[in-house]
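First the structure, in the form of structure tokens, and then the observations on it.
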Amino acid sequence: MQILSAQFHKSSAKANQCPKEDRPEYAFIGRSNVGKSSLINSLCNRKSLAKTSSTPGKTQLINHFDIDGKWFLVDLPGFGYAKVSKTIRATFGPLITDYISSRKNLMCLFVLVDSRIPMQEIDLVFMNSMVDNGVPIAIVFTKTDKLNKTEYNTNMEKYKAQLLEYWEELPPVFYTSSKNKEGTGELLNFIEELNAKW
Ligand code: GTP
Ligand code: MG
């Protein structure tokens, strides 16, 4: 599948301000700076549809993007970045939790993790709570362009082995780079399969 048209639809400060749940949607979540907004741009073949920044904490609202008039991509604020001011940080928790627990049309929550960084406790805690609550997740490793082949293989295998200490099986896993577009085709095909189930 290829995305033909992508446009900004709406920013929401609360889950109940989000658009009607009348079509499938796919949200991107993960620690600040992991590359959520960049991956959305890469999937849409657009440079700055979703705002990116080298300073963590750029995305602070729930941002819906209309894709081909048929489904939504959703850019969520990052979590777990200490330098975000306390007041802003305090709004991340409930905003994300409300969004995830209320959206009936959320087909998959893509949890992004930086392929260069060892497993972080906050990611594990977050993923475990999603699995416990029956939220359909997929794991998306980001920034693979920054690793050489050996680091890539070592890091990915180690991460998956660690997850299997907690889980019997892995959710779908994707390996992506917004820079060289690795994995974007696979992600879009996965979304296409889920769209067909809507
Ligand atoms: P918040 O909105 O702050 O939570 O961050 P985010 O997860 O949306 O990250 P964002 O997409 O803004 O990217 C953060 C930084 O990482 C930017 O400087 C991006 O250019 C860079 N980046 C993101 N994805 C990639 C990638 O695949 N490869 C490389 N080399 N850099 C990336
Ligand atoms: Mg962002």
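The values are calculated or read from the model by the stated rules, or taken from the named source; none is laboratory data. Since the structure is predicted, the reported quantities are computational estimates derived from the model, not experimental observations. Backbone-built Cβ (ideal geometry, glycine too); neighbour counts: all protein chains shown.
Just name the residue that is nearest to ARG103 (Cα to Cα) out of those in region 35-60 that are among the aliphatic types (A, V, I, L, M) and at pLDDT 95 or above. Walk me through it before giving the result.
Looking only at region 35-60, we keep the residues that are among the aliphatic types (A, V, I, L, M), and these are 39-40, 43, 49-50.
In the following step, the residues that additionally are at pLDDT 95 or above were identified as 39-40, 43, 49.
Values: LEU39: 22, ILE40: 19, LEU43: 22, LEU49: 23 Å.
Here the answer is ILE40.
For region 98-124, what are the residues that are at pLDDT 85 or above and loosely packed, with under 13 Cβ neighbours inside 10 Å?
Those that are at pLDDT 85 or above and loosely packed, with under 13 Cβ neighbours inside 10 Å: SER101, LYS104, PRO118.
Restricting to region 158-178, count the residues that are over 22 Å from PRO136 (Cα atoms) and exposed (fewer than 14 other Cβ atoms within 10 Å of the Cβ). Please lay out each step first, then the result.
So the first thing to find is which residues in region 158-178 are over 22 Å from PRO136 (Cα atoms), and the list is 158, 177-178.
Cutting the leftovers down to exposed (fewer than 14 other Cβ atoms within 10 Å of the Cβ) gives us 158.
Residues meeting the conditions: 1.
Can you spot a residue in region 166-173 that is more than 20 Å from ASN45 (Cα to Cα) and not in a loop (DSSP other than H, G, I, E, B)?
yes
I need the full set of residues from region 10-35 which are in a loop (DSSP other than H, G, I, E, B) and near ligand 2 (Cβ under 9 Å from one of its atoms), in order please.
To start, the set of residues in region 10-35 that are in a loop (DSSP other than H, G, I, E, B) comprises 13-14, 18-24, 32-35.
Within region 10-35, SER32, ASN33, VAL34, GLY35 meet the criteria.
Got a number for residues in region 36-74 being closer than 22 Å to GLU192 by Cα, within 13 Å of ligand 2 (Cβ to nearest atom) and either over 15 Å from the mean Cα position of the chain (by Cα) or in a loop (DSSP other than H, G, I, E, B) (or both)?
The number of residues fulfilling the criteria is 2.
Filter region 126-140 for residues that are within 16 Å of the chain's Cα centre (by Cα) and farther than 15 Å from ALA27 by Cα and give the result.
Matches in region 126-140: ASN128, SER129, VAL131.
Results for (1) more than 16 Å from ligand 2 (Cβ to nearest atom); (2) of a type in the set (Val, Ile, Thr); (3) without any contact (Cβ under 8 Å) to a residue 24 or more places away in the chain, shown as yes or no for each residue.
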position: CYS108; (1), (2), (3): yes, no, no
position: SER129; (1), (2), (3): yes, no, yes
position: THR154; (1), (2), (3): yes, yes, yes
position: TYR159; (1), (2), (3): yes, no, no
position: LEU170; (1), (2), (3): yes, no, no
position: THR176; (1), (2), (3): no, yes, no
